[in-house]
1. Could you please report the charge total around residue 67, scoring K, R as +1 and D, E as -1 over all other residues with beta-carbon less than 14 angstrom from its beta-carbon?
2. By how many degrees, 0 to 90 and rounded to 10, does the Cα axis of helix 57-67 deviate from the longest principal axis of the chain?
3. Would you list, by chain and number, the lysines whose Cα falls below 25 Å from the Cα of residue 509, excluding same-chain residues fewer than 8 positions away?
4. What full-extension length gain, to one decimal in nm, is calculated for residue 591 and residue 43 as 0.36 nm per residue of separation minus the Cα-Cα distance?
5. Taking 0.36 nm per residue of sequence separation and subtracting the Cα-Cα distance, how much length would be gained by fully extending the chain between residue 245 and residue 569, in nm to one decimal?
6. Over the residues of the chain, compute the C-alpha Rg and express it relative to 2.2 N^0.38 Å.
7. Under a crude label model (7 Å from the Cα following the beta-carbon direction), how far is residue 190 from residue 297 in nanometres?
8. Where the centroid of each part is defined by its Cα atoms, how far is region 357-407 from region 484-561 in Å?
Amino acid sequence: MSARQTRLLFVTLALAVALTRLLAAAHSLWEWDETLFCLSLHDFNVAAHHPHPPGFPLYVVLGRFFRLFVHDDFRALRAINLLCSMTIFPGVYFVARELRMEAVPAMIAALLTCFAPNIWFYGGTAFSDIPALAMLLFGIALLLRGRRSRAAYFAGCVLMAAACVMRPQNVLLGIYPWLAASWPRWKERKLDPIFGAAILVLVVGGFFFGAALMTGFDAYRTAVKMHGEYVMKVDSYMNPERPVWYRTYWAMLLDPYEAGRISGIIAAIALAGLLRFRRPVREALVIFGPFVLFSMFMLNTEAGGRYATTSMALLMICCAEGLRWIAAAVERRSAIAAIALQCLVCALIVTRLIRWSASALREVRVHDAPVIEAERWIHRHLDRATTTLYVHGSMGPWAEYLLKDYRQVAVVDNFSPLSLGDVSHCWLISEGVTNAKDGLNFTRPRGHLWSISRKRYFDVFVRPLSSSVAFADGWYGQEGDPASAWRWMGRHSTLYVPAIGGNGELSMKFNVPLDSEPRKPVITIMFNGVMIERFSADAAMEKRWVVPSRNGVRNEVTIDVDEVVNPSALHKGGDARDLGLQLLTLSWRPAETQ
């Protein structure tokens, strides 16, 4: 093709791809980090995870700027992502061209990158990954061009610094382009690399200094340290439940969106391009390889679809090289036929990727996320003045951002609503599903969206705590604070738990006052009139039973303790109650099927 035809094709494809990015525009925020970014637009405080460490200051600055024109936090951040996602095609193309790829393979690499399901999906969200990728690609391209252009070199330093501010891991990808560009600049003008390094240090250091200044230096340092420890324990190779590092390449590079067969085809073609090992592949490996290795050791494989957005260009550059090698067999006869063959295979792959992504993109584009549906239901049906929301830790940021006009009590995994007192206006909101008859589940269909995104927050439930239990005879009132309440009983007590159908798991954590009793008391637990256990109690115990639940009628639990303590009668305090058992937590849920 002539230079004019190449430019025309490039512009046409770039515009067409840009329009397809609108198909990924999410209807609402959904994920944890998106909510933290929205919170940061009003209160930037890294210690409070507004947003999470190290703070992503450039993304927040851009978000606040867009917020001047878009009067919604999520949509302001989404606008940044959509605009940046529209630049991924020219970004990959320019990188590929600077790696000395021919025009058509460079366009193929750019097309395949843009239609990778994870690149497409995250371009319509409120994460910082796609803006960081856009800046990274143009930073790489300009630095590589800086080997022969002084202006491009300094522009590349600025954009690479911005990419590192957006996501600090991008430092790994900027090392080779900066060194490759700095050496020719050093030979030509020795001060240029010094100025380039100064730009990098000043931009990156300035933004993170600002983040620490706004947070408070001590609080910022502590937050970053704690977050780093969390990453090492949970995300990295130090987590014993994480797949061993040499098995993570599939989730972190080759198929992070779990597309199956089409990903295998792309990987096979990319392997052919890798084995060919031409200059574009060699340089791409040196640029992107350090991040791929980092991701295999340090990043959470459950979020591979998101983290792999950074390395998709490497895979697709290798794939484009593989297609060129496949077409080489017909290139001797006809260069046009070789180009046509490459374009045909590319079109087939892109078509398959579009079909695979379509249902997932439609779901997020058309429907609100479960967290938003739950929030809207709460605002429509629960009175702000009288309702108390018990917020499970999985829903903390959303409750802080969306439900701040309600009284809230934070609760953790072992929270037992069955130990509360008056719960007539108390509701629990949590990730997951509930079997309570008067509870509400807000669910997002799985499908291919389950494969592209992190497998979280597809289900959120809201339920009244009044449906949990009825404390009847023998129980005293609630004591302690709402998040860690307890109840005492005397010799005999009765409580009722909801019907769930099938087997249920009943578990209790309790204390008995052994220090004031002549012997260990004997405790008898009855469930619907049937004894499930009789045992001699220790001071602190946890018990668990799997029992058949009634269907449609609540279940009766009775507890008998044969020894009680009366502190007042023993002159050990002013409490005149007979105290037999202190119930700390009680859980009743469907039993897990084996």
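Quick note: the coordinates plus some simple rules give every number you see, no bench work behind them. Everything numeric in this text was worked out from a predicted model, so none of it was measured. We place every Cβ from the backbone using ideal geometry, glycine too, and count neighbours over all the protein chains shown.
1. Details: positive: 64, 75, 78; negative: 43, 72, 73.
Its environment carries a net charge of 0.
2. 90 degrees
3. Once the sequence-local lysines are set aside, what remains near residue 509 is 520, 543, 572.
4. Taking 0.36 nm per residue and subtracting the Cα distance, the gain is 193.0 nm.
5. That works out to 110.2 nm of additional length.
6. In units of the 2.2 N^0.38 Å rule of thumb, it is 1.20.
7. 3.6 nm
8. Here the two parts' Cα centres lie 35 Å apart.
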